[in-house]
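Contents: one structure, followed by commentary.
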Protein chains: 2
Amino acid sequence: MKASNFFVSTYKEAPADAEVVSHQLMMRAGLIRRVSAGIYNYMPMGLRVLHKVERIVREEMNRAGAVEMAMPVVQPGELWQETGRFEKMGAELLRVKDRHDRDFVIQPTSEEVVTDVARNELRSYKQLPVNFYQIQTKFRDERRPRFGLMRGREFIMKDAYSFDKDPAAAQVSYQTMRQAYRQIFDRFGLRYRAVAADSGAIGGDLSEEFQVIAATGEDAIIYCPESDYAANIEKAEALPPAQARAQASAALTKTPTPSKSTCADVAQLLSVPLQKTVKSLVLATDSVDEVGEPAGVQVWLVLLRGDHDMNEVKVSKIQGLDAGFRFATETEIVAHFGARPGYLGPIGLKLPVKIVADREVAVMSDWICGANEADFHFTGVNWGRDLPEPDFVADVRNVVVGDRSPDGKGLLAIERGIEVGHIFYLGTKYSKAMNATFLDETGKPALFEMGCYGIGVSRLPAAAVEQNHDERGIIWPDAIAPFTLVICPIGMDRSEPVREAAQQLHAQLQSAGVDVILDDRGGRPGAMFADWELIGVPHRVVISERNLNEGQLEYQHRRQTESQKVALTDVDAFLREQGVF
Amino acid sequence: MKASNFFVSTYKEAPADAEVVSHQLMMRAGLIRRVSAGIYNYMPMGLRVLHKVERIVREEMNRAGAVEMAMPVVQPGELWQETGRFEKMGAELLRVKDRHDRDFVIQPTSEEVVTDVARNELRSYKQLPVNFYQIQTKFRDERRPRFGLMRGREFIMKDAYSFDKDPAAAQVSYQTMRQAYRQIFDRFGLRYRAVAADSGAIGGDLSEEFQVIAATGEDAIIYCPESDYAANIEKAEALPPAQARAQASAALTKTPTPSKSTCADVAQLLSVPLQKTVKSLVLATDSVDEVGEPAGVQVWLVLLRGDHDMNEVKVSKIQGLDAGFRFATETEIVAHFGARPGYLGPIGLKLPVKIVADREVAVMSDWICGANEADFHFTGVNWGRDLPEPDFVADVRNVVVGDRSPDGKGLLAIERGIEVGHIFYLGTKYSKAMNATFLDETGKPALFEMGCYGIGVSRLPAAAVEQNHDERGIIWPDAIAPFTLVICPIGMDRSEPVREAAQQLHAQLQSAGVDVILDDRGGRPGAMFADWELIGVPHRVVISERNLNEGQLEYQHRRQTESQKVALTDVDAFLREQGVF
């Protein structure tokens, strides 16, 4: 490719709304252009990156036995009504009516359509397993689209859906995808972690996120430096405390704590470690009678150590809370505790409340909690003596740095990541809702066991930039760079030897299959170098008359700060060494 | 590819709603599946065809210097309001409101977005010419979606948009695309014609349609078998008659024609050739005053020979009709003519009417037309003697078979075609509406001269099937076949030699880059052959034990009815001869 036949458009400044570095650099490098909030043009330079991501995904999905198809962007509402997602998805789902006033949605994913394909096309267990995938435009009407391609509204996703005859076979399909995803992410050339994730109501361990490591990532990745354990914060288990509960040594005392409504404030006031305090969070569940009318409210008190945070996913696994819960209203709190938030605790309740103690709280002694009276806390609280044992003891907190790794191999650390892939065992959630069956070995209809597997194709380049950039711009891994190598000739318009050498190298690399661009725009060296450093092409060759006279050219990798001279006769071997071929 | 890793799903019967052969065969062969009216899944077999079409389009567009980008499917309404198309496009444009109640459209084309790109990115004439293209999902909410991919609602289109500094440069861009389109359509391996089309208000000859020839095509293609003249029906000019107007020889006579309201009926009643009759079509134009209020109606009478049809595009080029016209209402007709349609004519009008005579009518003498009185016609009508010369004489009819070719090289013929490409010089229509300018050589802002160039990527396979099929199914040209060659082993599960030979040939062809599929599903020969004939894979190799024993295999091209034996030692050379490599 010659730059004069391509479209290069760089800016010195990023637009004011670009808050994160990937958004800033992708705008400045001319990879994307904003059309509306969360909606972008993929400019020629950016589309090349997307196409390379797509090619890697496609090759590895095919290799893993998945079959590509394409489902429509505009999908009929009826299918979405079958699973209830037409209503459940809320404002994020872009709904539209056609000229005949029929409901359609702009696809955010394709579970409904692909399950419809399966129930029409897959009639026998002999046709299974099947894994359909597509690389398609998706839309989610995010409330706050931002960060460029990181949280856009229109985006490109690879979504795959496996259909199996039973859970064991579905496990195999899942593991095949797990392997394929490792292959894919290895090929991208990014640092990433495959992270255990929560698989919701289905349970089990069949859900993993693929996180690109970046200091700016939204997600906390919990990992163990001494092992290969990695999980997201929802999933990572806080092991039961190693120590048993100590004997009570202090008396229960109602202590004035005027205006001290947080654990931190109380600990400071009383000069005790934060770890001696317990925070009280009040939840509620609503029950309904047999005709669906509201039939009552159950209030729950979740107790956590003062320095810990509640993990809602873990809470949602407790029996009674697993059908959905909400935070209690202030009215409900006052009715049950006789006090307002800030001074709540499990002692002296007005109405029945179910008590959930985090594993860590369950082994505490001589602890501190609210006295259910404004401006007072209890100190010296002890289980059994001052209050009954809790109704539930469970892991309901987020892990923190230094917690023991669940695999017993060391202590947990935390780093930040950007989720760009997710694989998930769905079970029969969709096949049941849509009555999607096949005939099993006994000739009876059985529900498909499904899995789904996503990769954020248009998010990946943004994650790559968050991970790989410096003050001069982007640094692409070779595999997804818009061009692998740029030839920068100095004074090409004045110097016949430079022009000739540049064009010859360009032709030679191109015919060897190298994705090369020759900058024949005739700009000044400084501006030319700045452009390609901003754009982030990993390999650069500079051709100047002075170097040619010495039988040389200059090479510099984007990660290097100094160029090196290479003899013209060695160029081929040298570039091969750099991985250009 | 092995069929066991792919997804083959064929049906014996087409669904009842499949009216045309391409729709029937594409459904039966499992290339597409209906999701909703005019909305389809591209199944794995169909997607392979689409990808091959896309690759050819992409390669030739790149070769022609166009640059690929991707514009969003969901586009902001504001841009569409700038050109007025947000309202003008009517119900065909799918409009949607986002969660903040802002207007968006699902793109049917991208003139607005690409013009917005140009006005932001192209600042100087030095950056021109630029030709941006995309291959993207489009949506048009057709009133009557039908014929499968032929007239779908969601479809894939390649749309390109060129930006030039002046009309001469735009001509060059247009001609470059014209050449690229010929390359593209040549590579598809289909019989097609590049057909001159009308370029609307812009005028000139810079619009061509690319029509795939098919007896079932919707469009009439006018061509001259003795030359390379070809045009669509809107565009093809009917030359001025060669003969001059003859002298009047009959007297004007009011003749009873009870209940004979069509030219054909009148000609039959009076035993004269249809060519002696003249049909009267009444049009109307509405004028408005300076504040936009309706200010009056002008009625027009278009006179055509009884055997000719009116051409609305040609009519719309007549001064006074060029701002838009409609057919007159019955009330307007009665007021101006004193009679109802069926007995109208240009003699004895009640109110002023502008008369437009087709060139052919203008040279007629002793002709027949309605007498503006029910059940009466005039015979022996002559211009000048019985009525004044017409206000306008123009070519306002469709050409018919046997008309002289406009290039003077023979007589016109007509065949049917399916439009799959259209190239168009747009001038400044969009740049003006959106104030899209660049700085020209003199440093002054100038409007971009634009062109647009479309290919119906998802329509093309349907057109290919309309052109290439037989009673057994589809016959794909090699270039866009889902697979180039299928290996059908007979009794692969029983015979080790068959399995070995099949797998070896498969591996050998695959490593030579042939797009080959091995049918390892283990079906019976009859069903296996029927599947691949329906699907339309052009080359088939059958491997059986009997043939292997003779050191042979069987080859058959999809167009042939008999197979031929090929020595195993000659297979490579033989397949090369068949164009498989």
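The values are calculated or read from the model by the stated rules, or taken from the named source; none is laboratory data. What you see is a predicted model, and the numbers here were worked out from it, not measured in a lab. Cβ coordinates were reconstructed from backbone atoms using ideal geometry, including for glycine residues, and neighbour counts include every protein chain displayed. Just so you know, the surface numbers come from the protein's heavy atoms only, side chains and all, with ligands and any DNA or RNA stripped out. Shrake-Rupley method; radii C 1.70, N 1.55, O 1.52, S 1.80 Å.
Observations on the structure shown:
- Members of segment B:1-24 found to be part of a helix (DSSP H, G or I), closer than 22 Å to B:LEU518 by Cα and at pLDDT 95 or above, listed by number: B:ALA3
- A:ASP358 vs. criteria acidic (Asp, Glu), in contact with a Lys or Arg (Cβ under 7 Å, 6 or more places away or on another chain) and either modelled with pLDDT under 95 or assigned by TED's automatic domain parsing to the domain that holds A:GLU373 (or both): yes
- Of the residues B:SER405, B:SER431, the single one that is open to solvent by less than 10 Å² (accessible area, probe 1.4 Å), farther than 20 Å from B:TYR181 by Cα and touching a Cys at 6+ places or on another chain (Cβ under 8 Å) is B:SER405.
- Residues of segment A:140-155 include at least one that is at positive phi, crowded, with 19+ Cβ neighbours inside 10 Å and either more than 10 Å from every other protein chain (Cβ to nearest Cβ) or among the β-branched types (Val, Ile, Thr) (or both).
- Figure legend. Inter-residue proximity from segment A:79-98: first residues more than 9 Å from chain B (Cβ to nearest Cβ), second residues exposed (fewer than 13 other Cβ atoms within 10 Å of the Cβ), beta-carbon distance below 6 Å, spacing 6+ or different chains. No pairs are indicated.
- Meets criteria (more than 21 Å from A:GLU54 (Cα to Cα) and open to solvent by 20 Å² or more (accessible area, probe 1.4 Å)) for A:ALA248: yes
- Segment B:149-197, residues that are assigned by TED's automatic domain parsing to the domain that holds B:ILE32 and among the β-branched types (Val, Ile, Thr): B:ILE156, B:VAL172, B:THR176, B:ILE184
- Selected residue (only one of A:PRO241, A:PRO258 is touching a residue at least 60 places away in the same chain (Cβ under 8 Å), farther than 24 Å from A:VAL356 by Cβ and either open to solvent by less than 50 Å² (accessible area, probe 1.4 Å) or in the same structural domain as A:LEU344 (by TED's automatic domain parsing) (or both)): A:PRO258
- Taken as a whole, segment B:266-278 holds no residue that is surrounded by 14 or more Cβ atoms within 10 Å (Cβ to Cβ), under 18 Å from B:ILE355 (Cα atoms), at pLDDT below 95 and within 34 Å of the chain's Cα centre (by Cα).
- In segment A:468-581, counting only helices (runs of 4 or more DSSP H) that sit wholly within it, the ones holding 2 or more residues that are closer than 26 Å to A:ALA14 by Cα and either touching a residue at least 60 places away in the same chain (Cβ under 8 Å) or open to solvent by less than 30 Å² (accessible area, probe 1.4 Å) (or both) span A:525-535.
- One residue stands out in segment B:412-421 among those that are buried (at least 20 other Cβ atoms within 10 Å of the Cβ) and not acidic (Asp, Glu): the one that is farthest from B:SER162 (Cα to Cα), namely B:LEU412.
- Evaluation of B:LEU128 against the conditions (1) away from chain A (no Cβ under 11 Å); (2) open to solvent by less than 10 Å² (accessible area, probe 1.4 Å); (3) of a type in the set (A, V, I, L, M) shows that the sole unmet condition is (2).
- Enumeration of residues in segment B:100-125 that are more than 10 Å from chain A (Cβ to nearest Cβ), open to solvent by 10 Å² or more (accessible area, probe 1.4 Å) and more than 19 Å from the chain's Cα centre (by Cα): B:ASP101, B:ASP103, B:GLU111, B:ARG119, B:SER124, B:TYR125
- First in segment B:41-59 and in contact (Cβ under 8 Å) with a residue 40 or more places away in the chain, second anywhere and basic (Lys, Arg) and not in a helix (DSSP H, G or I), Cβ under 7 Å, 6 or more apart: B:VAL57/B:LYS158
- Wholly enclosed helices (runs of 4 or more DSSP H) of segment B:306-386 bearing at least 1 residues aromatic (Phe, Trp, Tyr): B:330-337
- A:GLU471 vs. criteria modelled with pLDDT of 95 or more and more than 30 Å from A:GLU121 (Cα to Cα): yes
- Single match in A:ARG540, A:ARG521, A:ARG559, A:ARG576 (criterion: touching a Cys at 6+ places or on another chain (Cβ under 9 Å) and among the basic types (Lys, Arg)): A:ARG540
- Boolean, A:ALA170 is crowded, with 21+ Cβ neighbours inside 10 Å, aliphatic (A, V, I, L, M) and modelled with pLDDT under 95: no
- Filtered residues of segment A:410-458 (kept if in a strand (DSSP E or B) and free of Cβ contacts under 8 Å to residues at least 24 places away in the same chain): A:PRO445, A:LEU447
- Matching option when the condition is open to solvent by 40 Å² or more (accessible area, probe 1.4 Å) and of a type in the set (A, V, I, L, M), among B:LEU281, B:LEU303: B:LEU281
- Any hit, segment B:55-67, residues being modelled with pLDDT of 95 or more, over 15 Å from B:GLU111 (Cβ atoms) and among the acidic types (Asp, Glu): yes
- Residues located in segment B:47-77, provided they are touching a helix residue (DSSP H, G or I) at 6+ places or on another chain (Cβ under 9 Å), within 21 Å of B:ALA118 (Cα to Cα) and facing chain A (nearest Cβ under 8 Å): B:GLY65, B:VAL67, B:GLU68, B:MET69, B:ALA70, B:MET71, B:PRO72, B:GLN75, B:PRO76
- Residue within segment A:7-24 that is within 13 Å of chain B (Cβ to nearest Cβ), among the charged types (D, E, K, R) and open to solvent by 10 Å² or more (accessible area, probe 1.4 Å) present: no
- Some residue of segment A:34-44 being out of contact with any Cys (no Cβ under 7 Å at 6 or more places or on another chain), open to solvent by 10 Å² or more (accessible area, probe 1.4 Å), more than 26 Å from B:ASP141 (Cα to Cα) and at pLDDT 95 or above: yes
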